[in-house]
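Here the structure comes first, spelled out in structure tokens, and everything after it is commentary.
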Amino acid sequence: MRQFEHFPNLVTMFFTRAAERGERPFLWHKAGGAWHPISWAEAARQVAALAAALRAEGINPGDRVMIVSENRPEFCIADLGIMAAGAVSVPTYTTNTTRDHDHILNDSGARAVIVSTAKLAKALMPAVIHSNTVRLVIGIEPLKFAQAGVAELRQWDALIAAHADDPAADPAACAASLTASRDDLACLIYTSGTGGAPRGVKQHHGAILLNVEGCIDVIAGDFGWGDEIFLSFLPLSHAYEHSGGQFLPIGLGAQIYYAEGLDKLASNIEEVRPTIMVVVPRLFEVLRARVMKAIEKQGRVAQILLDQALRIGTREAGGKPLALWDVPVRAFLNRTIKPKVQARFGGRIKALVSGGAPLNPDVGAFFHALGLTLLQGYGQTEAGPVISVTRPRTGMKMDTVGTPLKGVEVRIAEDGEILVRGELVMHGYWRNPEESARVLRDGWLHTGDIGEFDAGGRLKITDRKKDIIVNDKGDNVSPQKVEGMLTLQDEIAQAMVSGDRRPYLVGVIVPEAEWLAEWAKTNGKGQASLTELAADPALHTALRAAVDRVNADLSVTERVRQFIIADAPFTIENQMLTPSIKIRRHVIRGVYQERLDGLYKG
């Protein structure tokens with residue numbers, strides 16, 4: 001079995017693979033109805049040229065450079081070019097508002113920004129103007145502004161072309177000049193914290209490299225290391241895709257195709273025929289619904305075959321022996337229904353790796369029954385981000401998140417909290433020593449998750465200590481931030497938002513008493529109680545206006561799509577508030593969960 005090398009930094013790993021792969025295709029994008037490649041050698045030339053250009057523009061080692069871009073070849077080249085210049089990349093979400101950009105620019109002290117399109121620049125540029133540190137903006141596509149303002153504007157193609165002949169822009173020379181060690185800071189990945197404002201996780205080169213090495217150990221040991229093909233569609237600003245969908249393929253010497261978008265993902269899968277896909281649970285839920293609908297259309301016989309596949313697959317996944325008559329049935333299914341399902345994934349998938357949010361075990365069992373290998377991972381941005389993953393070699397139990405990666409120590413504290421130690425653990429939060437000290441103690445990362453090991457040494461997540469919502473796409477949302485903004489509205493006294501493992505946020509709202517009394521008087525409702533008014537559509541409409549005002553200042557993942565009106569205020573007496581006037585989420589959810597779940601129906 002081929003062994004993965006021990007690299008000093010991420011850029012050295014890239015240049016090593018580029019030298020090995022040469023003119024073979026590396027990064028693919030689709031334009032004009034056709035897929036177009038950038039070779040490893042060409043990508044290396046562009047990375048080296050961008051590094052030289054950044055240095056010429058005054059970017060020094062340790063400076064932060066923000067990236068605002070959708071998934072595309074230039075994102076990967078920008079990320080590597082920044083690191084090759086000795087700087088620190090700061091990937092950010094394309095859904096960020098101006099307020100979000102303003103926080104990240106000021107917190108990181110970014111000296112430069114690389115932005116992909118004029119559309120994304122609209123939300124970015126006001127924050128750049130307010131920034132005290134940004135001096136350079138690079139547009140991957142043309143940016144049109146009447147005047148530059150505080151920052152110098154540069155165009156991507158022209159900047160790289162201008163430095164293509166620079167001696168430092170030769171890939172070999174650039175690779176030879178690299179001095180970063182595994183302990184040096186590679187990037188800042190901003191993730192939501194319990195206090196509301198996103199925190200910059202300091203990921204060093206060694207943290208991501210250990211993740212890459214551990215994941216390659218799984219792939220090579222359980223599936224074989226070949227000419228892998230990845231289809232990238234999760235946001236590269238998320239640590240999961242950044243490590244698993246970019247640096248893992250680089251470590252493998254794989255090809256990366258960038259999907260056109262979620263709306264075209266299914267067709268892209270069939271075109272690209274990936275061997276490995278990094279996905280989130282929500283995609284599996286959508287694909288399961290599509291598979292079941294397609295089989296229903298094929299009639300009663302197809303439905304019976306599906307039922308038999310699920311029955312046999314469930315027994316296998318549970319480690320139960322098959323009945324004698326199940327063996328020929330399984331052989332028949334392997335020739336009929338399973339190939340049709342596998343064809344929807346291109347026909348050569350080795351593994352679908354689910355992470356970023358918890359996977360429903362029933363969904364995992366469904367795909368396993370249909371002959372697709374689905375691995376579930378667990379991790380955090382603060383840990384590279386992959387901590388553990390299920391492996392066929394150690395038994396596929398869908399209610400666990402597998403065994404820790406190579407080089408990762410995991411233990412369970414006395415209170416049940418999962419603690420992690422190893423090179424993958426972050427060096428702290430950027431400019432946030434208090435929060436860093438809270439989660440990093442005695443060399444261990446305190447994850448905030450509760451778990452246990454089963455008899456086979458597999459980790460099982462049983463609860464979450466930390467107060468963070470993780471939606472079905474793996475995005476982290478701070479409920480306190482959203483709730484705090486809601487309660488700043490004149491109409492709203494209290495609020496609790498929910499949305500763990502769900503596609504969007506919903507909430508419970510308590511109207512402000514004086515405002516409600518005035519509203520009732522104006523609308524001829526007399527002295528009606530909150531319980532009586534809660535079902536009034538007109539009151540709901542009035543509160544909707546307040547919620548919409550808040551949503552206008554939130555990112556897409558933070559917006560409250562639906563809400564219900566509480567039957568009564570949250571109080572200490574009804575145990576919905578703590579003595580320190582903090583809401584008790586589990587108590588509120590216990591009362592309103594059924595109604596909140598109903599907001600996702602239809």
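The values are calculated or read from the model by the stated rules, or taken from the named source; none is laboratory data. On a predicted model such as this, the values are computed, not experimentally measured, just so you know. As a convention, Cβ positions derive from the backbone with ideal geometry for all residues, glycine included, and neighbour counts pool all protein chains shown.
Of note:
- Cβ pairs under 8 Å, 6+ apart, first in segment 194-208 and closer than 20 Å to S181 by Cα and of a type in the set (S, T, N, Q), second at pLDDT 85 or above and part of a loop (DSSP other than H, G, I, E, B): Q203/G384; Q203/M426
- Selected residue (criterion: nearest to G364 (Cα to Cα)) from residues of segment 282-326 that are of a type in the set (S, T, N, Q) and crowded, with 16+ Cβ neighbours inside 10 Å: T314
- Residue match in segment 32-44 (condition: over 21 Å from F230 (Cβ atoms) and in contact with a helix residue (DSSP H, G or I) (Cβ under 9 Å, 6 or more places away or on another chain)): no
- Residue that is surrounded by the most Cβ atoms within 10 Å (Cβ to Cβ) [pool: residues in segment 440-466 that are more than 23 Å from Q203 (Cβ to Cβ) and touching a residue at least 60 places away in the same chain (Cβ under 8 Å)]: R458
- Residue in segment 222-229 that is assigned to a helix (DSSP H, G or I), in contact with a strand residue (DSSP E or B) (Cβ under 6 Å, 6 or more places away or on another chain) and modelled with pLDDT under 95 present: no
- The one condition in (1) over 30 Å from S39 (Cβ atoms); (2) among the hydrophobic types (A, V, I, L, M, F, W, C); (3) modelled with pLDDT under 80 that A331 fails to fulfil: (3)
- Residue among L143, L153 that alone is out of contact with any Gly (no Cβ under 8 Å at 6 or more places or on another chain), at pLDDT below 95, more than 19 Å from H242 (Cα to Cα) and of a type in the set (A, V, I, L, M, F, W, C): L143
- Restricting segment 547-574 to residues that are more than 14 Å from A495 (Cα to Cα) and small (G, A, S), the residue that is nearest to the chain's Cα centre (by Cα): S555
- Candidates in segment 400-425 are the residues that are among the acidic types (D, E) and surrounded by fewer than 18 Cβ atoms within 10 Å (Cβ to Cβ); of these, the one that is modelled with the highest pLDDT is E409.
- Hey, V88 at pLDDT 95 or above and under 17 Å from S131 (Cβ atoms) or not: yes
- Segment 469-487, residues that are more than 30 Å from L287 (Cα to Cα) and either in a loop (DSSP other than H, G, I, E, B) or small (G, A, S) (or both): G484, T487
- Qualifying positions in segment 112-122 - surrounded by fewer than 24 Cβ atoms within 10 Å (Cβ to Cβ) and more than 21 Å from the chain's Cα centre (by Cα): T117, A118, K119, A121, K122
- Options A546, A552, A528, A542; residue that is over 30 Å from R99 (Cβ atoms), out of contact with any Lys or Arg (no Cβ under 7 Å at 6 or more places or on another chain) and not hydroxyl-bearing (S, T, Y): A528
- Residue match in segment 283-298 (condition: over 20 Å from F26 (Cα atoms), assigned to a loop (DSSP other than H, G, I, E, B) and of a type outside the set (A, V, I, L, M)): yes
- Under the condition of being within 24 Å of H103 (Cβ to Cβ) and crowded, with 24+ Cβ neighbours inside 10 Å, the residues counted in segment 51-66 number 4.
- Here segment 556-581 is the region considered, the condition is being out of contact with any strand residue (DSSP E or B) (no Cβ under 9 Å at 6 or more places or on another chain) and either modelled with pLDDT of 90 or more or among the aliphatic types (A, V, I, L, M) (or both), and the residue that is farthest from I509 (Cα to Cα) is V556.
Rundown of residues vs (1) within 28 Å of T16 (Cα to Cα); (2) touching a residue at least 12 places away in the same chain (Cβ under 8 Å); (3) part of a loop (DSSP other than H, G, I, E, B), yes/no style:
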| position | (1), (2), (3) |
| --- | --- |
| K119 | no, no, no |
| P126 | no, yes, no |
| I129 | no, yes, no |
| V134 | no, yes, yes |
| P142 | no, yes, yes |
| V150 | no, yes, yes |
| D157 | yes, no, no |
| A168 | yes, yes, no |
| A173 | yes, yes, no |
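Let's see how each residue does on (1) touching a residue at least 12 places away in the same chain (Cβ under 8 Å); (2) under 24 Å from Y240 (Cα atoms); (3) in contact with an Asp or Glu (Cβ under 8 Å, 6 or more places away or on another chain):
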| residue | (1), (2), (3) |
| --- | --- |
| P8 | yes, yes, no |
| P25 | yes, yes, no |
| H29 | yes, yes, no |
| A43 | yes, yes, no |
| A52 | yes, no, yes |
| R55 | yes, no, no |
| I59 | yes, no, no |
| S89 | yes, yes, yes |
| T92 | yes, yes, yes |
